[in-house]
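Data block below; observations after.
The values are calculated or read from the model by the stated rules, or taken from the named source; none is laboratory data. Keep in mind that what you see is a predicted model, and the values were worked out from it rather than measured. Cβ atoms come from the backbone with ideal geometry, glycine included; neighbour counts cover every protein chain shown.
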Amino acid sequence: MVDLIGPRLRLRPVVPGDATDTYAGWMNDPDVVRYTESRYVSHTPESLRAFIETVIKSQSDLFLAITLKQDARHIGNIKLGNMNIRHGSADTGIIIGEKDCWGKGYASEAIGLLADHAFEALGLHKLTAGCYAVNGGSAQAFEYAGFEIEGMLKSQCISDGERVDVVLLGRSQAGGG
């Protein structure tokens, strides 16, 4: 069982019991999902529970709850997805659902904890991530956690009715991309 402890956070497996009204509230909050594909779907605790149960069964995904060490409050989730053991690679995604926790460095701490686990315990070599260029906070969180910008997909997605670029980031076991 994965249990990662940082200075302020604990990352633990997401369980079906985490599919609460609070979690559904994050996923239906336009501010929280503004830069995610989740914004196109309405979420309920039941739909989230079904999603969690599917991800738990996956052999190529690791889905963790981001909780505060001080009180175990569930503030977001982080995922290591599409793990390819043959190539030693995986994608990383994160959401901080509790708005009062934005801008406090929790995302960078969680990304760093997950990256260390991916390299040290899982033996992966390369992690990747992507975010809309207009979501500077996300790119910054990954950069603070040792990721480097590796590329840009021009006019890749639509955000707030406008075409936007997607920033591609990566971190290898040795440090940068």
Among the numbered criteria (1) modelled with pLDDT under 95; (2) farther than 18 Å from Phe63 by Cα; (3) more than 18 Å from the chain's Cα centre (by Cα); (4) not basic (Lys, Arg), which single criterion is violated by Ile85?
(2)
On the basis of being of a type outside the set (D, E, K, R), under 20 Å from Ile5 (Cα atoms) and within 16 Å of the chain's Cα centre (by Cα), does Gly112 make the cut?
yes
Quick one: in the range 148-174, which of the residues that are farther than 26 Å from Pro30 by Cβ and in contact with a Gly (Cβ under 6 Å, 6 or more places away or on another chain) is surrounded by the most Cβ atoms within 10 Å (Cβ to Cβ)?
Arg171
Candidate set: the range 153-177, residues that are on the phi < 0 side of the Ramachandran plot and not in a strand (DSSP E or B); chosen: the one modelled with the highest pLDDT:
Gln173
Just give me the residues in the range 6-21 being over 23 Å from Gly137 (Cα atoms) and either β-branched (Val, Ile, Thr) or surrounded by 14 or more Cβ atoms within 10 Å (Cβ to Cβ) (or both), in sequence order.
Arg12, Pro13, Val14, Val15, Asp18, Ala19, Thr20
Restrict the check to the range 57-66 and report whether at least one residue is at pLDDT below 95, surrounded by fewer than 15 Cβ atoms within 10 Å (Cβ to Cβ) and under 19 Å from Gly17 (Cβ atoms).
yes
Can you tell me which residues in the range 28-54 are surrounded by fewer than 17 Cβ atoms within 10 Å (Cβ to Cβ), in contact with a Lys or Arg (Cβ under 8 Å, 6 or more places away or on another chain) and of a type outside the set (D, E, K, R)?
Pro30
List, please: which pairs have Cβ atoms under 7 Å, are six or more places apart or on different chains, and start with a residue in the range 84-111 that is part of a helix (DSSP H, G or I) and end with one that is among the acidic types (Asp, Glu)?
Lys99/Asp31
Return the residue satisfying two criteria in turn: it lies in the range 22-40 and is assigned to a helix (DSSP H, G or I) and of a type in the set (Phe, Trp, Tyr), and of such residues it is farthest from the chain's Cα centre (by Cα).
Tyr40
Scan the range 125-139 and report the pairs whose first residue is within 23 Å of Ser89 (Cα to Cα) and free of Cβ contacts under 8 Å to residues at least 60 places away in the same chain and whose second residue is in a loop (DSSP other than H, G, I, E, B) and not polar (S, T, N, Q), with Cβ atoms within less than 8 Å and a gap of 6+ or a chain change.
His125/His87; His125/Gly88; Lys126/His87; Lys126/Gly88; Leu127/Phe147; Ala129/Phe147; Ala139/Ala133
Kindly evaluate Ala121 against the criterion of being surrounded by 14 or more Cβ atoms within 10 Å (Cβ to Cβ) and among the aliphatic types (A, V, I, L, M).
no
Quick count over the range 51-83, residues being assigned to a loop (DSSP other than H, G, I, E, B) and not hydrophobic (A, V, I, L, M, F, W, C), is 8
